[in-house]
Every structure is written in structure tokens, then in C-alpha cells.
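Colleague: Take a look at this one; I'll ask things after.
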Amino acid sequence: MTSQLITTDVLVIGGGLAGERCAIEAAAAGQDTVILSLVPPRRSHSCAAQGGMQAALGNCVKAEGDSTDVHFKDTVRGSDWGADQEVARIFAEEAPIAVRELAHYGVPWTRVRGGKNTYFIKGESVEIDELLENDGLITHRDFGGTAKWRACYAAAGTGHAVLYAVDSQVVRLGITVRDRVEAISLVHDGRRCYGVVARCLRTGKHFCVLAKATVIATGGYGRIYGRYTTNATINYGTGAALALDTGIVPLGNMEAVQFHPTALSPSGILITEGCRGDGGYLLDKNLHRFMVNAEPEKQELASRDVVSRHMEQCIKDGRGVDSPNGSHLWLDIRHLGEKHLTTKLLEVFDICRDFAGINPAHELIPVRPTQHYSMGGVRVNKDGEAYGLAGLYAVGEAACWDMHGFNRLGGNSLAETLVAGRVVGARVAEYASLTTLHANTELAFAALAAAEARATALLKREGKGRSAYEIRDALGEIMIDKVGIFRNGADLKSAVDDIRALIDECSRVVLRHKGPGANPELAFALRLPGMLRLALTVAMGALARTESRGAHFRTDFPLRNDREWLSRTLARWQPKASAPSLSYEPVGLLDLPPGHRGYGSDERIEMQESIVQYNEAVSAGQVEAGRLATFEPFGSRLRPSQGGAR
Amino acid sequence: MSDKETTAPRRLRFEIFRFNPEDPESEPRIDAFEIDERPYMTLYMALNEIRETLDSGLQFDFACRSAICGSCGMMVNGRPALGCRTLTGDLPDIIRLHPLPAFKLIGDLSVDTGTWFREMAERTEAWIHEQQPFDKSAPEERMSDDIAQAIYEGDRCIECGCCVASCGVANLKPDFLAAAGLNRVARFMMDPRDKRDDADWFEVVASEQGVFGCVGMMACADVCPKDLPLLEVYAYLRRRALGSKFLRDS
């Protein structure tokens, strides 16, 4: 029997990499830490990361000259200048430490083999002598949108290896993990967050966890795209929905949704970018390598948003391969050879065999761009603090920290989980050590009663409403058709109307199974309203943003517009409102001035003000928000020389 | 006409174990469901279709649906397998599904593997017992790629529990580490970053709960969805447990 009230110092919602790494930092600092997770932590979606983790170690020949500065610049270009550059800088500088720490935790990173190595680069087999003096150091593979080879990897199971190593530290530290638990609502009084109401997915019982600090680490919201996602079935965007429900905490850049170029068609299972990094090609129905003409410089290794658009255009132009499940293109990795495929890309080999019945050493892989990553999320500052509620933090894909802007580079998400876990975890521990627990039981039991009443009302409701699953499927079709890779005003308007209609229908959902216990249908019906609200936030943000930036592409506004849209969308859902309200903030201090990314279109609408003017405004805003220049160890060098931030 | 007959989908009959421990009125039973087979249908697709159209109380677990996360181990016609990658096309018209034995039942096909694996990790201290604390300014430590690959091979276990469910010993003795636990131990044993010595390892594996509990039926190796070399793992552990000192002297 679960107690109705649990107290702890630090509460982490989500047992994936970001949440676990954050919990480790807090627990190691002596804070009593509890992790809630939908699934046993090792089953979190972090385990599905395949190809690699970006960190500028510069250990192999093709990584020579790499540095955290080059990584920073790649990340900002990848973001199409939507990123907070201070955060991108923190990230790039911490990533090598995070990779070495993981080696310390036991990750079996693939290592440099000194001497002759054969690689496939831009369609040619190349022999490179790796330095003998670098033998045994962590090696790298190529990924999209990077100037150097930078992705550290363990075959195509990098996320799995990293998650197991990080979870082993969670076990070692004795951190309490409550698996099969879903957070239902945040307990807050409008100024401060006190914890959550959660629901046990074994018994169906609700309970409260009160903490000094609450960390949202629930991952992305890919499942609002129904089955058109590479994401696991558990990626509902729970944490983002919880934050939105407060009416106070904003979500950032929800319209920034990444499509991965190579998901297996039609199942949507991810095939790593490492395939192209290791020399794989994309082919159209005539077996033509269309990316060579489309992107002469980067070819298949332009950023994901750019490659996905070229692929969809190729299909629109009639060069897709027809199949009963719609058109697709081909990924060709046959030339890499069976030995390479069964070692460095083993997981890809297995997926092709198990889910498409093909041997990629001899056959082409059917692929199509598919929803993959949520750049948007709970808007937090550099320390991971959510805007608006003290004691609330967010990390990883659930957060908009915001190092990815409008397009994340491959391998940067895995690196973000560890870096943000370290950085934000330290802040969380510091905050918890300076705070006393406010066990506001009155507030907690009111929230608990509200959650229980909601579940009871759903169970009792009778009528002829649609099932929660039908509404989910309808939502997925709307999102892929109208809020997909190519967007336009008319489709987005229509999507907004459609989603609002679904929200209305959702209030009449009738359960068919009313039994006690976990009740999987009830569990799904409880999360569906949150998914619909996130979807509406994505669609409205996309409709309002009349430019194209990174993964957000408007055919009616095809240019990036730095004059009007060098900004981050903030969405809040006011209490009782029927839709989110949008506002905007600057992307942050500019270090690397907006320019050409090095791939994709070189046309854009230039900003009018100077970088100095832009940065002064940002600094003034930061000071106004009470942030001292001396408070932040990072990024101070990015401040404008004559700014008002001193 | 004949064309229509050849394209008519196969009718699949699922016989599924049902029991909800949270429902006082629930009795263990088998429920039958019939659905039409679709091309490349997996048990992931079939079970979701059953839940969404026929019985929305049906409990089962899937997460990644790509054979990576290890959530969906279940008994498929008497054999442990991952539901997500099992094609109905490889199965007869009648498909019998049971929860994995040896784990605590949560409901229907859902079992508590998380608790089992956490306890195993705690008992075997399945983490690197490092020589030194992490020093973020220290230069990177080297490792030969051959050793890294060998560790990765052992690290590939996804803790789905199929080997545990298939193991005659684990089903009789709840404290037996089973193949998943022993493979995890072997993975740390071969890792030069782990400072535990033979005497430490002896305590962990050289017992009835460890490698000497295995009676050699090796169903684990037959059912492992990741094709882990479990025969070699057991041989390696026996060798290390029995003769580490002896081998070093010879």
C-alpha cells in the first residue's frame, strides 16, 4: 500500500539520462533524491539513441583541429541561430568532460585503432593512418552538420551503453526509483513548486511527492504525431504538459519539431544518422544520389532539417519509391560491408532484419523522414530553472534550455542529457541545500483530491463519446498532414481548428474499461488532454511564426527572417483559457553573428540592428530580471563590451 | 473470386492469460480474441489492436517497439520472446500469450522486471568499482579497442528477462542470478577499470546463487533476443571462479 504522501529533498520526474544524471549530482551532494519513472529507468527512451554523443575530443585524424569553439559554432549554425548561445557555449565546453566521465562510469566507447583504417567519405573509400600515439583514445564518427568528426560512440547502441552506465551509478548511490509511476500535476501556489501528484501504474492509486526542488526530465512530445514518430510509445510530453497546466511556466519554441531523415518505412523505427556518417547514401527510385546535387558541400551530412526537406521534396517531385504504405526513399549502406554493419552498426543490422526482413549488406533500406525530436519544451534559464515557479527545474529533451534552437544536430541530444544533468543537477543540489522543505499538506491534499476526482469522473462518464485512442489517431493525422516538414498558413489554421475540435471531443471521451487497478485505458485518457494542449501549442506557434528557421519551414514564408524573428516563442496557457497565449523573447546574447549555416539556403532577411544593440537589449533584460553579471560563471565573455550588465 | 480468396487475411486467434491482482473479482483465466492479420504484423501491433478495439483493460508493456528497451518480454506459445519483434506471420493461427514466469505479475502480460533487475544490480554491485574518483581535469584514460568491443558485447544485454523466464533454476530458486545477472557480472569482471580482484568476484559468483547454480540446460542461450554468447559467459565465469589462482600459477 502506497503512502499518500512522500517527502524528499529532490524529486526528479523521468528516469532517462537527463533525469538520472541530474539525480546523481543531487544525491552525490547529499540530497535525498527520488526518481519517478513511467518505466524501469533502463527502458527509458534514452536507450534508443544509437549513433553517438558529440564531444570535441579531437582524437582521430578527421577530428584534428576540433575544439569546443568549433563545436559551439556548429551547434549555433545547426540551430539556425535560434539557440541561446551562452547555453551552447556551456554545453560545448562541458561535453568532453561528460564523455570522459562516462568512460569512468564504464561506457565501452569505441577507441582509436592506430595505423591504417578504411573509411567511406563522400562516396569514396579512403585509407587514413590513425596516429599510433592516439591508439586507445575515444574515437569519433562523422555526423550531420559538423565541421569535424566528433560523435563518440559504442556501435549503434550508444544510448543503451550510456544509460546502463549512468543507471549503474544511480543504483550505486542508492537513489530511490519509483518505476511505473506517472506524474499527473504539479503542486504549486503560483510562486513556488512543492512537488507533484503522481499516479501509480501498478495499482492506479494517486499519491503526492513533496520536495524542495522538482525536476522535469520527461523527454519529448513525439507521440502527438501519432505513429509518425521514431519516439517510444511513452513519449507523451508529460512534463511539458504539466508545466503548461500551471498557467505560469511557459513552454519555449514548441513549433521547433525535428524530423529525422532516416526512419524505417513504414514502422518509423529510427535508423541512425551514423549510417550516413559512416558513408551511407540516400537514393531516389532511380537509385540516384540526389543529395550530391542538392548539397554539394555536405551531401548526405547536411543538418537533419535540410536533409529531411530535400527528401520530402524528392518524394513530392515523384522520385519516391511507391509502396502500399506510401512513398519512401532508399538508404544504401551495402558498400560498408557486412563486417562493418555487424560491428559498428550492429543495432541497425538487427533492426533491418527484425522489422523489415532485409539484410542491409545486400539490400536497400526503405526510409522516410519522421518526427524525431522536440527542440521545444519547458523554458528554463541557464541554470535549468523554469521561468515563473521557484523550485521547478527541467532538463534534457523536456526542457527548452535552449542549445538546439530550431534544429538539433545529431549526437547533441545525448550530450545535452549528460551536460545538463551535471550543470543543472549542481544547481538543484545547491538550491535544495539552501532551502527548507515546505510540506504544504493543505495544498498537496487539495491537488491530490483534484487528481482523484478527475480520474473518478472519467471512469463514471457515460455516453457515446469517441475512445481516447481514436482521438489520438486523429491527432497524429492532423499533425503529420498539417504541422509536418512543409508548413503553410492555411494548413496551420486548419490544424488549429481541428485540434480545438479534438480538445472539445476529448471532454466527452468515454472509457470502455472501468475496472480497478492501473487501467491502461484510463491512464491514456488522463494524458490525452495534455497531449492535445501541446499539439495546439505547436500548431499555434507554427502559425504565428511567419518565417522559416531550422526545422520550422513555411512554404509561404520560405526565408529566415532575422529582422523580425530572431526570437524564441514562449507559450503560456492561462487558467480557463481555450488556447495558449504567445509572447517572444530574444534568443539570447549573440556571440556568433547570424549568417549562412554552410548548408541549406543562403538567402535570408538580415537583422537591422547591430549585434551590439541586440546584445545590450538582452543584457538589460537579464539585469532587469535580477541576474547579476557576477552570478554566472559561464558566458560572461559574451557580454557586450560596453553593455549595461556590469 | 479466387483473387479475393488469396488476399483474404488470416484470422488469428489469441489466447491470452488474464489476471488483475488489483481487482478482487479477477480470477486467473484465459481470454480469447480474434483479429485479422495484416502484412508484417508484430505482436506489438496485434496486442494494441486488441486493446483498442476489443478489450481496453488488457495489460501489457511496450516502450521502444524496436527491440532495444527490453520491456515486452512475454511467453509466446510457451517460449519467452520480445513481443515487439515477433511477427505473427511466423506463428500458427492460434497464438497463446502468457506473462514471463519468475517475475512478479503486475497484471495480464505485464510483469515486474524492474525490481528484479535492480535487486540483482544491488546484490552484485553491478557498477564500476573504480581505482580513483573521477578527475575532470585528468587526461583521458586509454583502453584498447579490442577490450572495448569485448565489454560492449556483454553490455548489449537489454534486461528483458527472457533468459530468466526460460531458466529452470531461476524459476525454482528466486535468488539465482540467472544468465542476465551473470552476464552482467562477467561484463564488469573483464573491465580493466573495475578494481575488484578474484577474491571479491569469488564472493559474487562462486556459489549456488551464482555460476554453480546453473545446471547447464542453457535455454537462456536459445531464447536470448540479442544472441548474447551466454555459453561462453558461463564458461568464462566458471573458469574465473574455479581456477583463477590455478590458472595464474600455471
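The values are calculated or read from the model by the stated rules, or taken from the named source; none is laboratory data. Everything numeric in this text was worked out from a predicted model, so none of it was measured. Note that each Cβ is placed from the backbone with ideal geometry, even for glycine, and that neighbours are counted across all protein chains shown. Note: accessible area is taken over every heavy atom of the protein model, side chains too, but ligands, DNA and RNA are not part of it. Shrake-Rupley method; radii C 1.70, N 1.55, O 1.52, S 1.80 Å.
Colleague: Scanning the stretch A:596-610 for residues that are open to solvent by less than 70 Å² (accessible area, probe 1.4 Å), in contact (Cβ under 8 Å) with a residue 12 or more places away in the chain and over 14 Å from residue A:548 (Cα atoms), which turns out farthest from the chain's Cα centre (by Cα)?
Modeller: A:607
Residues checked against (1) touching a helix residue (DSSP H, G or I) at 6+ places or on another chain (Cβ under 6 Å); (2) hydrophobic (A, V, I, L, M, F, W, C):
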{"position": "A:306", "(1), (2)": "no, yes"}
{"position": "A:323", "(1), (2)": "no, no"}
{"position": "A:328", "(1), (2)": "no, no"}
{"position": "A:333", "(1), (2)": "yes, yes"}
{"position": "A:345", "(1), (2)": "no, yes"}
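Colleague: Mind listing whichever residues of the stretch B:155-164 are more than 15 Å from residue A:343 (Cβ to Cβ), within 9 Å of chain A (Cβ to nearest Cβ) and touching a Phe, Trp or Tyr at 6+ places or on another chain (Cβ under 8 Å)?
Modeller: Answer for the stretch B:155-164, where residues must be more than 15 Å from residue A:343 (Cβ to Cβ), within 9 Å of chain A (Cβ to nearest Cβ) and touching a Phe, Trp or Tyr at 6+ places or on another chain (Cβ under 8 Å): just B:159.
Colleague: OK, next. If I filter the stretch A:249-269 for residues that are in contact with a Leu (Cβ under 6 Å, 6 or more places away or on another chain), away from chain B (no Cβ under 13 Å), over 30 Å from residue A:588 (Cβ atoms) and buried (at least 24 other Cβ atoms within 10 Å of the Cβ), do I get at least one hit?
Modeller: Yes; the residues of the stretch A:249-269 include at least one that is in contact with a Leu (Cβ under 6 Å, 6 or more places away or on another chain), away from chain B (no Cβ under 13 Å), over 30 Å from residue A:588 (Cβ atoms) and buried (at least 24 other Cβ atoms within 10 Å of the Cβ).
Colleague: Now, a different point. Please find, within the stretch B:113-154, the residue that is surrounded by the most Cβ atoms within 10 Å (Cβ to Cβ) out of those that are farther than 21 Å from residue B:180 by Cβ, among the acidic types (Asp, Glu) and facing another protein chain (nearest Cβ under 7 Å).
Modeller: Looking at residues that are farther than 21 Å from residue B:180 by Cβ, among the acidic types (Asp, Glu) and facing another protein chain (nearest Cβ under 7 Å), I get B:145.
Colleague: If you go through the stretch A:527-537 one residue at a time, do you hit one that is over 14 Å from residue A:224 (Cβ atoms), within 14 Å of chain B (Cβ to nearest Cβ), open to solvent by less than 10 Å² (accessible area, probe 1.4 Å) and not charged (D, E, K, R)?
Modeller: Within the stretch A:527-537, none of the residues are over 14 Å from residue A:224 (Cβ atoms), within 14 Å of chain B (Cβ to nearest Cβ), open to solvent by less than 10 Å² (accessible area, probe 1.4 Å) and not charged (D, E, K, R).
Colleague: With the requirement that a residue be open to solvent by 30 Å² or more (accessible area, probe 1.4 Å), touching a Leu at 6+ places or on another chain (Cβ under 7 Å) and within 30 Å of residue B:155 (Cα to Cα), what does the stretch A:161-200 give you?
Modeller: A:178
Colleague: Inside the stretch A:544-558, can you point out the residues that are part of a loop (DSSP other than H, G, I, E, B) and either without any contact (Cβ under 8 Å) to a residue 12 or more places away in the chain or surrounded by fewer than 24 Cβ atoms within 10 Å (Cβ to Cβ) (or both)?
Modeller: Within the stretch A:544-558, A:546, A:547, A:555, A:556, A:558 meet the criteria.
Colleague: Shifting gears a bit: Being part of a loop (DSSP other than H, G, I, E, B) and open to solvent by 10 Å² or more (accessible area, probe 1.4 Å) is the filter here, so list the residues in the stretch A:236-245 that pass it.
Modeller: Going through the stretch A:236-245, the residues part of a loop (DSSP other than H, G, I, E, B) turn out to be A:236-237.
Passing the criteria: only A:236.
Colleague: I would also like to ask the following. Picking from A:405, A:388, A:411, A:384, which residue would you name as being at positive phi and open to solvent by 10 Å² or more (accessible area, probe 1.4 Å)?
Modeller: Exactly one of A:405, A:388, A:411, A:384 is at positive phi and open to solvent by 10 Å² or more (accessible area, probe 1.4 Å), namely A:388.
Colleague: Let me ask something else. For residue B:38, indicate whether it is in contact (Cβ under 8 Å) with a residue 40 or more places away in the chain, open to solvent by 30 Å² or more (accessible area, probe 1.4 Å) and over 26 Å from residue A:171 (Cβ atoms).
Modeller: Criteria not met by residue B:38.
Residues are listed down the side, and each one gets a yes or a no for (1) within 25 Å of the chain's Cα centre (by Cα); (2) over 30 Å from residue A:3 (Cα atoms):
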{"residue": "A:137", "(1), (2)": "no, yes"}
{"residue": "A:157", "(1), (2)": "yes, yes"}
{"residue": "A:167", "(1), (2)": "yes, no"}
{"residue": "A:172", "(1), (2)": "no, no"}
{"residue": "A:186", "(1), (2)": "yes, no"}
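Colleague: I've got another one for you. Report yes if some residue within the stretch B:24-34 is over 18 Å from the mean Cα position of the chain (by Cα), open to solvent by less than 30 Å² (accessible area, probe 1.4 Å) and either at positive phi or not charged (D, E, K, R) (or both); otherwise report no.
Modeller: Yes, some residue in the stretch B:24-34 is over 18 Å from the mean Cα position of the chain (by Cα), open to solvent by less than 30 Å² (accessible area, probe 1.4 Å) and either at positive phi or not charged (D, E, K, R) (or both).
Colleague: Go through the stretch A:300-343 and give me each residue that's in contact with a Phe, Trp or Tyr (Cβ under 8 Å, 6 or more places away or on another chain) and within 14 Å of chain B (Cβ to nearest Cβ).
Modeller: A:342
Colleague: Would you check which residues across the stretch A:4-27 are touching a Ser or Thr at 6+ places or on another chain (Cβ under 8 Å) and within 12 Å of another protein chain (Cβ to nearest Cβ) and list them?
Modeller: A:15, A:16
Colleague: Checking residue B:63 against (1) within 26 Å of residue B:114 (Cα to Cα); (2) among the small types (Gly, Ala, Ser); (3) surrounded by fewer than 23 Cβ atoms within 10 Å (Cβ to Cβ), which single condition isn't satisfied?
Modeller: It fails just one condition, (3).
Colleague: Mind telling me which of the residues A:100, A:77, A:42 ends up being facing chain B (nearest Cβ under 10 Å), assigned to a helix (DSSP H, G or I), open to solvent by 10 Å² or more (accessible area, probe 1.4 Å) and closer than 24 Å to residue A:220 by Cα?
Modeller: From the options A:100, A:77, A:42, the qualifying one is A:42.
Colleague: If you don't mind, another one. Out of the residues in the stretch A:103-116 meeting the condition of being more than 7 Å from every other protein chain (Cβ to nearest Cβ) and without any contact (Cβ under 8 Å) to a residue 24 or more places away in the chain, tell me which one is nearest to the chain's Cα centre (by Cα).
Modeller: My answer is A:114.
Colleague: So for the stretch A:385-404 (the condition being within 11 Å of the chain's Cα centre (by Cα) and either free of Cβ contacts under 8 Å to residues at least 60 places away in the same chain or in a strand (DSSP E or B) (or both)), does at least one residue qualify?
Modeller: yes
Colleague: Quick check: anything in the stretch A:107-121 closer than 22 Å to residue A:58 by Cβ, at pLDDT 95 or above, buried (at least 22 other Cβ atoms within 10 Å of the Cβ) and aliphatic (A, V, I, L, M)?
Modeller: Checking the stretch A:107-121: at least one residue is closer than 22 Å to residue A:58 by Cβ, at pLDDT 95 or above, buried (at least 22 other Cβ atoms within 10 Å of the Cβ) and aliphatic (A, V, I, L, M).
Colleague: Follow-up question, since we're still on this one. Mind checking which residues of the stretch B:59-89 are over 24 Å from residue A:271 (Cα atoms) and more than 7 Å from every other protein chain (Cβ to nearest Cβ)?
Modeller: Quick first cut of the stretch B:59-89, residues over 24 Å from residue A:271 (Cα atoms) only: B:59-60, B:74-80.
The answer is B:60, B:74, B:75, B:76, B:77, B:78, B:79, B:80.
Colleague: Quick one: which of A:82, A:51, A:58, A:30 is assigned to a loop (DSSP other than H, G, I, E, B), over 30 Å from residue B:147 (Cβ atoms) and either within 14 Å of chain B (Cβ to nearest Cβ) or open to solvent by 10 Å² or more (accessible area, probe 1.4 Å) (or both)? Break it down stepwise before answering.
Modeller: Details: A:82 fails: either within 14 Å of chain B (Cβ to nearest Cβ) or open to solvent by 10 Å² or more (accessible area, probe 1.4 Å) (or both); A:51 fails: over 30 Å from residue B:147 (Cβ atoms); A:58 fails: over 30 Å from residue B:147 (Cβ atoms).
When all the criteria are applied, what remains is A:30.
Colleague: Looking at the stretch B:127-150, which of its residues are touching a residue at least 24 places away in the same chain (Cβ under 8 Å) and more than 14 Å from residue A:104 (Cα to Cα)?
Modeller: Correct list: B:147, B:150.
Colleague: Counting only residues that are open to solvent by 30 Å² or more (accessible area, probe 1.4 Å) and either in contact with a Pro (Cβ under 6 Å, 6 or more places away or on another chain) or not small (Gly, Ala, Ser) (or both), give me the helices (runs of 4 or more DSSP H) lying completely in the stretch B:157-229 with at least 2 of them.
Modeller: B:168-172, B:198-205
Colleague: If residue A:297 satisfies every condition in (1) open to solvent by 30 Å² or more (accessible area, probe 1.4 Å); (2) in contact (Cβ under 8 Å) with a residue 12 or more places away in the chain; (3) within 14 Å of chain B (Cβ to nearest Cβ) but one, which is the exception?
Modeller: (3)
Colleague: Quick check: is even one residue across the stretch A:341-350 more than 29 Å from the chain's Cα centre (by Cα) and of a type outside the set (Lys, Arg)?
Modeller: Within the stretch A:341-350, not a single residue is more than 29 Å from the chain's Cα centre (by Cα) and of a type outside the set (Lys, Arg).
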